[in-house]
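The values are calculated or read from the model by the stated rules, or taken from the named source; none is laboratory data. Note that this is a predicted model, so its numbers are computed, not measured. With ideal geometry, Cβ positions are generated from the backbone for all residues, glycine too; neighbour counts draw on all protein chains shown.
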């Protein structure tokens, strides 16, 4: 009689003996298999094997015993197996894991489900982590095999150009695929990433970003026109909503030579709606890696397929234009694809994957930073006056009646305001995870074992009193006339550092400088009557990136504004 039948028969004769055998199998399964390595890649196989064993056990029990008795035996055996397995896993994670000597809450030590639960009930994981660091210090265990580290040395050791930490085995980067290929952010192979970055740099580098001003300028002026219409109406306007519409219109023009029409129609574009739904669903998982890995094993369906189809449509419609190179980024990518020897885009799906990536990376920083800039300039109107005085010589300097980035980037206060907002409200609050090499790493004098997922939460490091005086306060002068308020400049890394530094940061900075300049040049604004602007952070959401809450403001045209910059 096969082993399964023997187990069923033994359990029928003595249920306690059978359950003991099942529990022993559970303990062996953990000690011989589950305890070794990262198993995200085989999550689907593990699930199917357990489902098959349960089905076979139920079938055999029904044959050997009567159905009612067989059901009891099946439940008892499989329950004993699972109880022993998870008891062993829990004991190991709490007492014997290589991270067991690092402090942290009991829930995160035991299971990733704890963080997922926080997301489901509406709590911000970032806020929870901040609380942990206040209690436990700079090194906190935030999941069974994950550490959060609030040390500037960790940023260099984990993300710097010479790091041996990788994106593989983090459970985040391996499974987000576009028709089988990864976009730039999710490429884990360093050679492939290097070649893809070369093409991105040709399209978005510091010098190259100037050519995109022609595409972005009309969108910025459309934003000013929309704000002007609201000012004429005299009613409160949710500026975060307008900024969100603007960011997608902007990336449509700069990336695809495409009018997404959000500001013009007042309705979110298709890509924005899809991304919001997908990000919300993914964020609710709270870092659970197995569901993501299992979904990756199945063909695309539903919203994910809609997003893939949208990316392909962007590429195909861009190909129909007369020229492949010009003011948009995707044209440069397609030019590489069509070249005799493509550097990075030899695969059509890679084009579509990075087309969608631009919709994410090209909007998240602008959305968060511009929204909070409007907040701080409403709260601190004297900075609006200071900015106007500072930018006055730049208005019309390079083009009549316009602001240009080449003129604005020379004005310290403009960048000081933007940098201070980026410091206080990093778009990616907890940053991206990395996996430590087998030999481990040292962060200052603390050894981090190999095979561990590590986080360097941007938000917490950039707000730390160890690196910035009055770290929670909005003080743009720390970047201009009061450098003594910065204790360690390495602690400012909103675009991350090293090989994975944001390739679009120059375009982002150029755009933000011009939006801020036009806004303070054309308008004054205050929080809506009876509102202190607190909803922007009270209702903020973390959907892997920061999503500010609403910010109702009342705008007024500046009568003394010399010249027209688009707000009329």
- prompt: Going by the structure shown, is residue 160 without any contact (Cβ under 8 Å) to a residue 40 or more places away in the chain and surrounded by fewer than 22 Cβ atoms within 10 Å (Cβ to Cβ)?
  reply: no
- prompt: Given the structure, is residue 368 in a helix (DSSP H, G or I), in contact with a strand residue (DSSP E or B) (Cβ under 8 Å, 6 or more places away or on another chain), surrounded by 23 or more Cβ atoms within 10 Å (Cβ to Cβ) and touching a residue at least 40 places away in the same chain (Cβ under 8 Å)?
  reply: yes
message: Taking the criterion of being within 20 Å of the chain's Cα centre (by Cα), under 30 Å from residue 447 (Cβ atoms) and buried (at least 21 other Cβ atoms within 10 Å of the Cβ), would at least one residue in the stretch 190-204 satisfy it?
response: no
field: Subset tally (residues that are closer than 21 Å to residue 343 by Cβ and over 20 Å from the mean Cα position of the chain (by Cα)) for the stretch 160-188
entry: 3
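Going by the conditions given, is residue 547 closer than 30 Å to residue 186 by Cβ, within 19 Å of the chain's Cα centre (by Cα) and either crowded, with 20+ Cβ neighbours inside 10 Å or not assigned by TED's automatic domain parsing to the domain that holds residue 427 (or both)? Write out each step before concluding.
Numbers: closer than 30 Å to residue 186 by Cβ: yes; within 19 Å of the chain's Cα centre (by Cα): yes; either crowded, with 20+ Cβ neighbours inside 10 Å or not assigned by TED's automatic domain parsing to the domain that holds residue 427 (or both): yes.
Taking the combined requirement at face value, the residue satisfies it.
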task: Determine which member of the set 531, 522 is in contact (Cβ under 8 Å) with a residue 12 or more places away in the chain and surrounded by fewer than 20 Cβ atoms within 10 Å (Cβ to Cβ).
output: 531
Matching residues, the stretch 483-512, being assigned to a helix (DSSP H, G or I) and within 20 Å of residue 358 (Cα to Cα): 498, 499, 500, 505, 506, 507, 508, 509, 510, 511, 512
- request: Please find, among 8, 42, 49, the residue that is at pLDDT 90 or above and in a helix (DSSP H, G or I).
  value: 49
Filter result (under 24 Å from the mean Cα position of the chain (by Cα) and surrounded by fewer than 19 Cβ atoms within 10 Å (Cβ to Cβ)) within the stretch 437-470: 437, 451
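For the stretch 320-330, check the following and say yes or no: at least one residue is assigned to a helix (DSSP H, G or I) and at pLDDT 90 or above. Please lay out each step first, then the result.
So the first thing to find is which residues in the stretch 320-330 are assigned to a helix (DSSP H, G or I), and the list is 329-330.
Keeping just the survivors that are at pLDDT 90 or above gives 329-330.
The answer is yes, given that some residue of the stretch 320-330 is assigned to a helix (DSSP H, G or I) and at pLDDT 90 or above.
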Every residue from the stretch 426-484 that is in contact with a helix residue (DSSP H, G or I) (Cβ under 7 Å, 6 or more places away or on another chain) and farther than 22 Å from residue 372 by Cβ: 434, 441, 443, 444, 454
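Being farther than 30 Å from residue 148 by Cα, in a helix (DSSP H, G or I) and either touching a residue at least 40 places away in the same chain (Cβ under 8 Å) or not assigned by TED's automatic domain parsing to the domain that holds residue 451 (or both) is the requirement here; does residue 391 meet it? Walk me through it before giving the result.
On the way: farther than 30 Å from residue 148 by Cα: yes; in a helix (DSSP H, G or I): yes; either touching a residue at least 40 places away in the same chain (Cβ under 8 Å) or not assigned by TED's automatic domain parsing to the domain that holds residue 451 (or both): yes.
In short, yes.
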message: Considering only residues that are at pLDDT below 95 and surrounded by fewer than 17 Cβ atoms within 10 Å (Cβ to Cβ), which ones fall in the stretch 212-228?
response: 214
- prompt: What number of residues within the stretch 101-112 are surrounded by fewer than 17 Cβ atoms within 10 Å (Cβ to Cβ) and either in the same structural domain as residue 441 (by TED's automatic domain parsing) or touching a strand residue (DSSP E or B) at 6+ places or on another chain (Cβ under 7 Å) (or both)?
  reply: 1
task: Test residue 167 against the stated conditions and say whether it is crowded, with 20+ Cβ neighbours inside 10 Å, closer than 12 Å to residue 499 by Cβ, modelled with pLDDT of 90 or more and touching a strand residue (DSSP E or B) at 6+ places or on another chain (Cβ under 7 Å).
output: yes
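Restrict the check to the stretch 132-149 and report whether at least one residue is assigned by TED's automatic domain parsing to the domain that holds residue 359, assigned to a loop (DSSP other than H, G, I, E, B), in contact with a strand residue (DSSP E or B) (Cβ under 9 Å, 6 or more places away or on another chain) and surrounded by fewer than 20 Cβ atoms within 10 Å (Cβ to Cβ). Talk me through it step by step, then tell me what you get.
Step one: of the stretch 132-149, the residues assigned by TED's automatic domain parsing to the domain that holds residue 359 are none.
There is no residue in the stretch 132-149 that is assigned by TED's automatic domain parsing to the domain that holds residue 359, assigned to a loop (DSSP other than H, G, I, E, B), in contact with a strand residue (DSSP E or B) (Cβ under 9 Å, 6 or more places away or on another chain) and surrounded by fewer than 20 Cβ atoms within 10 Å (Cβ to Cβ).
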message: If residue 541 meets every condition in (1) modelled with pLDDT under 95; (2) surrounded by 20 or more Cβ atoms within 10 Å (Cβ to Cβ); (3) in contact with a strand residue (DSSP E or B) (Cβ under 8 Å, 6 or more places away or on another chain) apart from one, which number is that one?
response: (2)
message: Anything in the stretch 108-131 that is in a helix (DSSP H, G or I), modelled with pLDDT of 70 or more and within 21 Å of the chain's Cα centre (by Cα)? List them, or say none.
response: 108, 113, 114, 115, 116, 117, 127, 128, 129, 130, 131
statement: Within the stretch 42-69, restricting to residues that are in contact (Cβ under 8 Å) with a residue 24 or more places away in the chain and crowded, with 17+ Cβ neighbours inside 10 Å, the one that is nearest to the chain's Cα centre (by Cα) is 43
message: Conditions first: (1) outside the structural domain of residue 466 (by TED's automatic domain parsing); (2) closer than 24 Å to residue 423 by Cα; (3) in contact with a strand residue (DSSP E or B) (Cβ under 9 Å, 6 or more places away or on another chain). Residue 244 passes all but one, so which condition is the exception?
response: (1)
